[in-house]
Amino acid sequence: MHNTTIAAIATSLGTSGISIIKLSGCEAFAICDRLFVCPGGFLSKAPNTITYGKIVDPATGETVDKVLVSKMQAPRTYTGEDVVEINCHGGMLVTRRVLQLVLNAGALPAEPGEFTKRAFMNNKMDLLEAEATMDLIGAKADKAAKVAIQQMEGALSKELGQLADSLANVCAKIDLSTDFDELDSFDYGPQNVARELGPVREGLKRLAGTFDSGRKIRDGLLVVICGRPNAGKSSLLNRMLGEERAIVTDIPGTTRDTVEEAISLGGYMVRFVDTAGLRQGDSLDPVEKIGIDRAYAKMESADMIIYMIDMCGDLDKQVQEAQEMCQKYGENTPMVIVANKVDMCGEEEAIKLLNNIQGAQLTSITLSALNGLGLDKLQDVILKQCATEDDLMGQGILVNERQKQLVQRAIAHLDRAVIAGNAGIPLDVLYTEISSGVQALNELTGRYIDMEAIDKMFSSYCVGK
Amino acid sequence: MEYSAGKVDVIVVGAGHAGCEAALAAARMGCQTILFTINMDAVANLPCNPSIGGTGKGHLVREVDALGGEMGKAADANMIQIRMLNRGKGPAVFSLRAQIDRRRYQEHMKQVVEQTPNLLLRQGEIIDLRRTEDGEAWECVTPTGGVYTAKAVVLTTGTYLAGSIIVGEYKQTSGPDGIHAAIGLSDAMRKLGITLFRFKTGTPCRVSRRSVDFSKMEIQEGEDVEPFSYESKGVTNSASCYLTWTNENTHNIIRENIGRSPLYSGKISGIGPRYCPSIEDKVMRFPDRLRHQVFIEPLGMNTEEMYVQGMSSSLPEEVQLQMLRSIEGLENVEVMRTGYAIEYDCIDSLQLRSTLEFKKHKGLFSAGQINGSSGYEEAAAQGIVAGINAALQVQGREPMTVDRSEGYIGVLIDDLVTTGADEPYRIMTSRSEYRLLLRQDNADARLTPKGREAGLISDERWNAFLEKQELIQQEMDRLEAAHLGTGAKFQEFFDERGTARPQNGTTLANLLRRPELTYKDIEVFDKKRPDLPQNVQNEVEIRVKYSGYIKNQQEQVEAFKKNQQIRLPEDMDYINMSGLSKEGATKLDKIRPETLEQANRITGVRPADISVLLIELARRKGQK
């Protein structure tokens, strides 16, 4: 279908030892041959080999870089087309120059996601696998990559396939029972349907439940750090990051907006959000007030909230505030109360203080953000929130909003079918709910998709993959 | 010697159920039409069961009627018993089925055809079919040399085309009921490049009434229901049917002789009983079932012949007799006509458009069993569509099609032209994705406007139709707005029925949505209920009761229509389109679907293929 050859820099845009320029398309070999000089010539090389040589600017005859070039022949390549990868040894400047030469020689610059789009179109992967590939490329931590690989290998497709088969089986029985008067001894009624839909619903609900875990793995665990101004939140964040990213000063309210940083903790991505200090009163300037509103908004979507008490500050007010936070968010969100600055104000007093605060999912830790005391304990607590995801390894996981919404739509229809079945609604009537459920699953697996959805999906994805 | 026998607008070849509807539609739309029949006494014959309707088929009859066809009216006028099937199931599968006086039906239809202006019924086989020299019209040639010219030809040859009868080891060239087969036309079609298949179907024995012991059988009486046609006044129940069962002994006889059955190939293809099977098929496919239903049905009021429904067979004659006599009530049965299988030529229906015109032959249409379907109703449904489109083409008007969301006619034709038939195609409600919308009660609402547009619906009927739709809407609105009183008497009603008391101020519509309550039940709360015709009441009840589900299905139709709007350009080069699976590419190239939605339903076209098509379309759009 494609008579164009596309090219892009496939490695991340930054200084690194090696940069790769990738070409895909029917002209990939010919284009490479125009620039690449090696003994015997590039076209004579066998497929699936790597050749050492140099990139020469055809216009000037100047050697631009010494490179390794991989030659991969269609159809057994990532995109299903002829693929060439040029491994440049130079820095970014040289890499960009090589790309420019490739483009001058006849390749077109790849659009975002176009390599994967071609792979998808060449039947190299199904829609769910393509989505997973995009996740893999976006993955910032080991675990995310692992999950993505798993989905790419079809864990979700397989699981959905089994659920769809069960639904098809129910539908077939309904058809048999409604269409064939002769098979009157085939006793299959609305109640049977309600019963048989049970396991399918459970399977779908399990999948829907994985969305949250999938999201945590993909986007990272969202940890909000909050507390009174100057409690040491920014210091803690810096400690975790190991670099001065948030602004730390002695003036209360320095952190006016939320600051977010992602770190890799035990293979998981954790996103820390430092909120504006929760200061109340009339002295707030409008900018500061916006910061506080944002802090509250962040807490609503947090996977974990750390409330930091300044042991050198006004303890009564802070304990009261911590207690309020526990009540407000503790039901839905794990809370950690951290008593900071124990290096200055004494650990025993801090422990006593922490014992007074009650909450549903509460952990208390004494800490010194300054010298790192208690930091390992805090990291353990955070990892515990991530570690449950290990349970999900090996199973289908929903990784994006599109998938989640479709599964939820399917569940809603099946729920209604079960209610209808138990109420004795005739089979041909409740069938409409089941078929709507099937339709949602078909959209999920790509049996039914619209063009906009495809374009949107592939363009949200970086160039060069 | 050939001679020029005349020139008309439309010629219909074959006067069975498809042919009669096609010819009537074309003539009524103002086209000069000739309807050819091999035998004047075989017009609108019912060579198999003496009944019209049944699950899915009853829907088709109503839809044919809504388009302005004749089958429903003829069935109503000649029925001897009628029942509504599947009452215990749900509204989508309620289906009318009538026992028909076979002879009277034929006479009735023949006379309607004879009396229709613009229409000539002519006995004569068509042995050659060819284009006129200028390529503008078609010539149909009879064995006696008559060359009839027409702008459009509709082939409705049924099981006559190169037909042969098989009973066990006996085989004979013949059409059904001993009428001679159509020979020669198949070759003419091959010459035109038309691909032909060979299909088989079968029919059971006819037995003598006096040899049946009805006392051992369950009697089945007719019911007082609505007739098929929206123009008929009522129904007739003057005959009874009887039910008995096969048993282990019957099945043993079949198993012992299965090797002698020509119809039974020994291969089980497909899943489930997807079509009207012979008794040997049923026994072999469902070895766990210890018995199968057998209905004994009269062929008419002036005959002693009885039809043995459920025992269709092509086993040798003596095995058929042995098998029948093993059944309770048939111990001493005397056979009057032996059951047989019939083999006939039909076309590969993938060669047709949804107007039933051949894609490669302008002005040539085909309908009925020649398209690979089975059943009188399926034939009539295609017949009227082909007839209407032949006439529309002659008149230079836009074609008329029915889509899958509009009727079983649409489902039937769309299945034939996009997925094709590899065995005689029988309509079933499960073939529709939207069966809750395609009910028999609302066939008029769905298709009368199309019939009117074609010119087959009279002013009188059109006004009656509009009035009925108005009444339905008014009554539905009224039920939604009417609130339930709170008197003690009402509470008692619910307690007595053992059902939960409703909340104060609930509407009658909500009450009707309870599965356990009917429109009739809630009359006690409904002081202002107007006096409405039964068919209006029926439809209101279903539409209110299942409104949520109906809405659900309407949303599905929206999605379907959206995909249906994505048209596939005619110049798509599927064979060289990289990314398509080999099978997908071959099928797409052969069938050349008109829309992406159709492509999606072609067997062998995989989801990934659809994605490739979507992206190809996007690419084309981007290039423009």
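Summary table
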| quantity | calculated |
| --- | --- |
| Breaking point among (1) at positive phi; (2) surrounded by fewer than 20 Cβ atoms within 10 Å (Cβ to Cβ), for residue B:420 | (2) |
| Scope the range A:416-426; condition at pLDDT 90 or above and either at the interface with chain B (Cβ under 7 Å from one of its Cβ atoms) or in contact with a helix residue (DSSP H, G or I) (Cβ under 7 Å, 6 or more places away or on another chain) (or both); matching residues | A:416, A:417, A:418, A:420, A:421, A:422, A:425, A:426 |
| Residue list for the range B:29-42, restricted to those being of a type outside the set (A, V, I, L, M, F, W, C), out of contact with any helix residue (DSSP H, G or I) (no Cβ under 7 Å at 6 or more places or on another chain) and crowded, with 22+ Cβ neighbours inside 10 Å | B:37 |
| Residue A:170 vs. criteria crowded, with 18+ Cβ neighbours inside 10 Å, modelled with pLDDT of 80 or more and within 14 Å of chain B (Cβ to nearest Cβ) | yes |
| Tally of residues being at pLDDT 95 or above and either in contact with a Ser or Thr (Cβ under 6 Å, 6 or more places away or on another chain) or assigned to a helix (DSSP H, G or I) (or both) across the range B:302-317 | 1 |
| Where a residue in the range A:77-103 is at positive phi and its partner, wherever it lies, is of a type in the set (Lys, Arg) and buried (at least 18 other Cβ atoms within 10 Å of the Cβ), with Cβ under 9 Å and at least six apart | A:80/A:118; A:80/A:124 |
| Residue among A:376, A:343, A:428, A:380 that is in contact with a strand residue (DSSP E or B) (Cβ under 9 Å, 6 or more places away or on another chain) and among the charged types (D, E, K, R) | A:343 |
| Residue count for the range B:540-561, restricted to those that are within 19 Å of residue A:437 (Cβ to Cβ) and either among the polar types (S, T, N, Q) or in a helix (DSSP H, G or I) (or both) | 13 |
| Filtered residues of the range B:307-343 (kept if closer than 11 Å to residue B:167 by Cβ and buried (at least 18 other Cβ atoms within 10 Å of the Cβ)) | B:313, B:314, B:315, B:316, B:319, B:320, B:338, B:339, B:340, B:341, B:342 |
| Unique match (being over 30 Å from residue A:177 (Cβ atoms) and either over 32 Å from the mean Cα position of the chain (by Cα) or more than 14 Å from chain A (Cβ to nearest Cβ) (or both)) among B:456, B:517 | B:456 |
| Residue A:406 outside the structural domain of residue A:264 (by TED's automatic domain parsing), touching a helix residue (DSSP H, G or I) at 6+ places or on another chain (Cβ under 6 Å), without any contact (Cβ under 8 Å) to a residue 40 or more places away in the chain and hydrophobic (A, V, I, L, M, F, W, C) | yes |
| Residue in the range B:536-549 that is facing chain A (nearest Cβ under 10 Å), touching a residue at least 12 places away in the same chain (Cβ under 8 Å) and farther than 24 Å from residue B:474 by Cα present | no |
| Residue among A:198, A:138, A:113 that is in the same structural domain as residue A:427 (by TED's automatic domain parsing) and either at pLDDT 80 or above or within 23 Å of the chain's Cα centre (by Cα) (or both) | A:198 |
| Test: residue in the range B:163-178 that is assigned to a strand (DSSP E or B), crowded, with 18+ Cβ neighbours inside 10 Å and basic (Lys, Arg) | no |
| Qualifying residue in the range A:6-29 (condition: more than 22 Å from residue A:117 (Cβ to Cβ) and modelled with pLDDT of 90 or more) | no |
| Test: residue B:398 is surrounded by fewer than 21 Cβ atoms within 10 Å (Cβ to Cβ) and farther than 30 Å from residue B:135 by Cα | no |
| Answer residue from the range A:143-165, given it is surrounded by fewer than 16 Cβ atoms within 10 Å (Cβ to Cβ) and at pLDDT 70 or above and is farthest from residue A:263 (Cα to Cα) among those | A:165 |
| Filter pass, residue B:51 being closer than 21 Å to residue B:177 by Cα, within 14 Å of chain A (Cβ to nearest Cβ) and either crowded, with 24+ Cβ neighbours inside 10 Å or of a type outside the set (A, V, I, L, M, F, W, C) (or both) | yes |
| Cross-chain or 6+ apart pairs with Cβ under 8 Å, the range B:554-571 first and more than 13 Å from every other protein chain (Cβ to nearest Cβ), then part of a loop (DSSP other than H, G, I, E, B) and hydrophobic (A, V, I, L, M, F, W, C) | none |
| Qualifying positions in the range A:343-371 - in a helix (DSSP H, G or I) and either of a type in the set (A, V, I, L, M) or surrounded by 13 or more Cβ atoms within 10 Å (Cβ to Cβ) (or both) | A:343, A:344, A:345, A:347, A:349, A:350, A:351, A:353, A:354 |
| Residue among B:158, B:145 that is touching an Asp or Glu at 6+ places or on another chain (Cβ under 6 Å) and touching a residue at least 24 places away in the same chain (Cβ under 8 Å) | B:145 |
| Out of B:244, B:201, sole residue that is in a strand (DSSP E or B), crowded, with 20+ Cβ neighbours inside 10 Å and at pLDDT below 95 | B:201 |
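So that you can scan it fast, the table gives a plain yes or no per residue for (1) outside any strand (DSSP E or B); (2) over 23 Å from residue B:44 (Cα atoms):
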| position | (1), (2) |
| --- | --- |
| B:113 | yes, no |
| B:121 | no, no |
| B:140 | no, no |
| B:153 | no, no |
| B:159 | yes, no |
| B:193 | yes, yes |
| B:224 | yes, yes |
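The values are calculated or read from the model by the stated rules, or taken from the named source; none is laboratory data. Remember, predicted model here, so these are calculated numbers, not experimental data. Cβ sites come from the backbone with ideal geometry, for glycine too, and all protein chains shown count toward neighbours.
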